[in-house]
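Structure first, commentary second.
The values are calculated or read from the model by the stated rules, or taken from the named source; none is laboratory data. Values in this document were obtained by computation on a predicted structure and should not be read as measured data. A quick note on method: Cβ atoms are made from the backbone with ideal geometry, for glycine too, and the neighbour counts reach across all protein chains shown.
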Amino acid sequence: MNKYILSKKTVVNDLATFYSFLIGLFIAFFIGSLILLIQDQNPANVFSLMLKLSVGSINSLSSSLNKAIPLILAGLGISIMNSVKLWNIGAEGQIFLGAIAVNLIYININISNSSLFIVVLLASGFIGGAVCILFPAITKVVFGVNEIITTLLTNYIIIGLTIYLVNGPWKDPKSLNFPAAAYVGEEVYLPTIFGKLSSGFLVCILFVIGAYYLKEKSVFGYEMRIAGGSAMTAIYAGINAKQKAFYAMLIGGGFAGLAGAIELLSQTHRVSTGISQGFGYTAIIVAAITGMRPVGIFLVGCLFGALTIGGAVIQTIGVSSYIAEIIQASTLIGALIAQFFFTYEIKGVQDG
């Protein structure tokens, strides 16, 4: 009698992740089209309008790329942590604490050279993100506490801290009843490259290159993969797996904190509860879809940035902005299903 088992394929197509993404994207737009038809909207018209309003001009393209920056940086941080087979669900909180760190340094330190001041503020954002994940990192490597739970819980703590600050000690009297801190000075605004595109996008590209080198070309990246792959192999290779996990978590948190710093210095210019619009959570989708590959995170981050802008502006024709979020989530689900079939196969084996 034959029975069937699920078996991992010995050879997986190198382009499986790319194909999975395309399949996921097709499924997402198919689902989006069905929803639009239910709403008596023409899917072709809506999607073409989204495309035009998200990349059809210099200003719209730059707005889309600006939205992509926090998605890419937070996604890279998630990817680096995943090198040691750990998940960072706390990128949202790390983005907030990165912005808080920037504001804390700004109001307490004055550097006359604005360029140097900007660099210091960006660095403080990176450190803020690393500090945010410090407790989950310690509890993981010392006590083995599940990092998914601890990083998720830090989101609520940091967002609660933000609410306290913008309603209490940092509240700007000029904002009336709106909970927000005072604006930072124009001398620390990140300059634009073209249109509305922030120079933070160049910083983002540098960190994409850095993350790729760190993960794929450096000794540290190799050791992270060994540590994440097999604890026994790491021991035989003389690699301190807990140390690699600790450093990977701090670096991953730092990337998300940098995203918060850039968002403050280029977009919101002040700390508020709206400084992150769910970027940390969307970044998980971006990283997962791409198989944690830095270049893929950059490309999909740009796509999702365009979807976010396009989804916001199609409200002008009576279409809910949630259609963009449906497409993002459906892309992930479709890609994961496709990836499963690329990676596994059902085999028949003789019973007994």
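Of the residues in segment 149-172, at least one is among the hydroxyl-bearing types (Ser, Thr, Tyr), farther than 16 Å from Phe255 by Cβ and surrounded by fewer than 16 Cβ atoms within 10 Å (Cβ to Cβ). Residues in segment 126-145 that are surrounded by fewer than 23 Cβ atoms within 10 Å (Cβ to Cβ) and out of contact with any Pro (no Cβ under 9 Å at 6 or more places or on another chain): Ile127, Val131, Leu134, Phe135, Ile138, Thr139, Lys140, Val141, Val142, Phe143, Gly144.
Results for (1) at pLDDT 95 or above; (2) surrounded by 19 or more Cβ atoms within 10 Å (Cβ to Cβ); (3) touching a Pro at 6+ places or on another chain (Cβ under 8 Å), shown as yes or no for each residue.
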{"residue": "Phe178", "(1), (2), (3)": "no, no, no"}
{"residue": "Glu187", "(1), (2), (3)": "yes, no, no"}
{"residue": "Gly195", "(1), (2), (3)": "no, no, no"}
{"residue": "Ser199", "(1), (2), (3)": "yes, no, yes"}
{"residue": "Ile205", "(1), (2), (3)": "yes, no, no"}
{"residue": "Gly210", "(1), (2), (3)": "yes, no, no"}
{"residue": "Ser218", "(1), (2), (3)": "yes, no, no"}
{"residue": "Gly228", "(1), (2), (3)": "no, yes, no"}
{"residue": "Ile239", "(1), (2), (3)": "no, no, no"}
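Residue count for segment 128-157, restricted to those that are within 17 Å of Leu73 (Cβ to Cβ) and under 17 Å from the mean Cα position of the chain (by Cα): 7.
Scanning segment 44-72 for residues that are assigned to a helix (DSSP H, G or I) and free of Cβ contacts under 8 Å to residues at least 12 places away in the same chain returns Ala44, Asn45, Ser48, Lys52. Scanning segment 222-242 for residues that are free of Cβ contacts under 8 Å to residues at least 60 places away in the same chain and on the phi < 0 side of the Ramachandran plot yields a total of 13.
Scan segment 165-179 and tell me whether some residue there is at positive phi and part of a loop (DSSP other than H, G, I, E, B). Within segment 165-179, one or more residues are at positive phi and part of a loop (DSSP other than H, G, I, E, B).
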